[in-house]
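For reference, the structure is listed below as structure tokens.
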Amino acid sequence: MKLQRPKGTNDILPSESYKWQFVEEKARLVFGGHQYQEIRTPLFEHYEVISRSVGDTTDIVSKEMYDFYDKGERHITLRPEGTAPVVRAFVENKLFAPEYQKPYKVYYAGAMFRYERMQKGRYRQFHQIGAEVFGSDNPATDVESMAMVMTYFEQLGIKNTSLHINTLGNTESRANYRKALIDFLMPHFEELSEDSKRRLHENPLRVLDSKDAKDKEVVKNAPSILDFLDEESSKHFETVKTMLEALEIPYVIDTNMVRGLDYYNHTIFELMATISGKELTVAAGGRYDKLVEYFGGPETSGFGFALGIERLLLLLEEEKVEIPNPNQVDVYVVSLGEAVNVETLKLVQSIRKQGFSAERDFLNRKAKAQFKTVDKLAAKLVITIGEGELEKAEANVKNADTREEKAYPLKELYRDFSVIYDDLIKG
Ligand code: HAM
């Protein structure tokens, strides 16, 4: 019997959870400032919601789904990503109706599930923060979304990322390119890896971003999608580039980047960073103009991205960004002796109700041990109360930093603690 957590999952302990809260809160602020509102969809979906939209031949669907039949014989899968569920919800709840603001913008944060091989920054339960925009064909939407990710990273204090962009063109351009790519790859069939041999007819574009050394050698001379774009596709991509330049956002064009999900057309992008010497994609996304229709909604274009929270936290560590720990205690009450137990309880509750964070000793420890805790918690003020103080109905309050100390009547602590706080902290 296994009583450990399943492989690929993590317990997020208090020593880490405040960092999660920090990045999530920052995302809410930045995305909210761009008029995105939060959407929460179920952690599991009907298998079909994911399979055809993400693509039956993608690794995500063919190898990595946590799917099962529930007690009602429904084919269910834990969600491996957020876009297909959000598009399903967009259509199911008729969020395309005229009463909603267009473009319609939502963001989400939560757990995703993929049965993947374990590596640094790759888990089976991982967490994404993502955003989706519906109803704008304007390339400015592509650029605004990419710029929003960059702003978010900047505001977190991350400096070293690189933006890789590519285009998959519209349906016609892609079909032409697909044909040309198969024609190019066929004479090299025997040189390809087993995975790429299989992908050649199912999903030939995926051969381009294979990590296999032999495949890489073959695709070096492959035709580029950029030579197969029709006028509409090429205009869209040119405008995206011009707009990125207008915002002075540096980018790299990577024509071998294709993304591991099938729903994209036109612009796709990945934000890369080096973590422990390894290039990892921290955020990624692109345009998907056919997905809403696929789910039975009206013709509505889409653009979105998602970033991996675990990878983001690794990157923050790599870049030595200090995340403020919000658990610093304003007041610690050093409570000396059984006789003051009740008074300490009342005092701590009162101070908390007055809006301060407070903690106390519960274990009847010696003064020395309690003062150690004061240091550990980095408490700003220390109140000491023992039998002597209780008799005089007062308590000692000390600024832990400057060591300035004064005795105050207990009454005053109960009446308005902020006066004492200001007196000792602000001087
Ligand atoms: P994705 O590239 O599959 O795209 O995932 C986006 C990000 O999620 C990755 O860049 C990575 O940071 C993180 N991620 C993915 N898989 C794992 C894993 N196994 N462990 C840790 N982190 C992981 C999507 O999911 C699309 N839905 C993005 C999108 C939104 N496109 C349009 N809208």
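Grab the DSSP H runs of the chain that are 4 residues or longer, score each as -39,500 (n - 2.57), total them, divide by all residues and round the 222 nm result to the nearest 500 deg cm²/dmol.
Computed mean residue ellipticity for the chain: -11500 deg cm²/dmol.
Taking every DSSP beta bridge that has both residues in segment 143-275, what percent is antiparallel when rounded to the nearest 5?
75
Among DSSP beta bridges whose residues both lie in segment 331-425, state the antiparallel percentage, nearest 5. Numbers along the way, then the final one.
On the way: 9 of 18 bridges.
Rounded to the nearest five, the antiparallel share is 50 percent.
Met146: net charge of surrounding residues, Cβ under 15 Å, Lys/Arg +1, Asp/Glu -1, itself excluded?
Working: positive: Lys105, Lys241, Arg259, Arg287; negative: Glu132, Asp142, Glu144, Glu154, Glu245, Glu248, Asp254, Glu270.
That sum, taken over residues with Cβ under 15 Å, equals -4.
Which loop GluC sites (Glu not before Pro) in segment 25-55, with loop taken from DSSP, have no more than 14 other Cβ atoms within 10 angstrom of their Cβ?
none
Lysines near Lys241 by alpha-carbon distance under 22 Å, same-chain residues fewer than 8 away left out - which ones?
Leaving aside lysines fewer than 8 places away in the same chain, those within reach of Lys241 are Lys159.
When ligands, DNA and RNA are left out and all protein chains stay put, how many square angstrom of accessible area per residue does the chain have with a 1.4 Å probe?
Value returned for the chain: 51 Å² of accessible area per residue.
When the accessible area of the chain is split by element with a 1.4 Å probe, what percent falls to carbon and sulfur?
After summing per-atom areas, the C and S share lands at 50 percent.
Count charges around Ala284 for me, please; just the other residues with Cβ under 9 Å from its Cβ, Lys/Arg as +1, Asp/Glu as -1.
Residues near Ala284 contribute 0 overall.
Do you know the relative contact order of segment 187-228, to the nearest whole percent, from alpha carbon pairs under 8 angstrom that are 6+ apart? Before the final figure, lay out the partial values.
Working: 26 pairs, mean separation 14.9, N = 42.
Rounded, it is 36 percent for segment 187-228.
Can you tell me what percent of all Cα-Cα pairs in the chain are more than 38 Å apart? Write down the numbers at each step before the final one.
Values: 35417 of 90951 pairs.
For the chain, the share of Cα pairs beyond 38 Å comes to 39 percent.
What is the calculated FRET efficiency for Glu116 to Glu318, with r their C-beta to C-beta distance and R₀ = 30 Å, to the nearest 0.05?
Working from the Cβ atoms, E equals 0.90.
So in the chain, what percent of DSSP beta bridges are antiparallel if you round to the nearest 5?
Counting DSSP beta bridges with both partners in the chain, the antiparallel share is about 80 percent.
Are there DSSP H segments in the chain that both extend 20 Å or more along their axis (alpha-carbon positions) and score a mean Kyte-Doolittle hydropathy of at least 0.0? List them, or say none.
139-156
Convex hull over the alpha-carbon atoms of segment 331-425: what's its volume per residue in Å³?
Per residue, the Cα convex hull of segment 331-425 comes to 84 Å³.
Per-residue counts of other Cβ atoms within 10 Å, averaged by peptide: what ranking do you get for 136-145, 65-74, 223-232, highest first?
On the way: 136-145: 20.5, 65-74: 11.3, 223-232: 15.9.
Packing order, densest peptide first, comes out as 136-145, 223-232, 65-74.
Note the full-extension length gain between Glu238 and Lys353 as 0.36 nm times their separation in residues minus their Cα-Cα distance, in nm to one decimal.
Once the chain is fully extended between Glu238 and Lys353, it gains 35.6 nm.
With an 8 Å cut-off on Cα pairs and a minimum separation of 6 or more residues, tell me the relative contact order of the chain in percent.
Contact order relative to length: 15 percent.
The values are calculated or read from the model by the stated rules, or taken from the named source; none is laboratory data. Note that this is a predicted model, so its numbers are computed, not measured. Every residue, glycine as well, gets a Cβ built from its backbone with ideal geometry; the counts of neighbours run over all protein chains shown. Heavy atoms of the whole protein, side chains included, go into the accessibility calculation; ligands, DNA and RNA do not. Shrake-Rupley method; radii C 1.70, N 1.55, O 1.52, S 1.80 Å.
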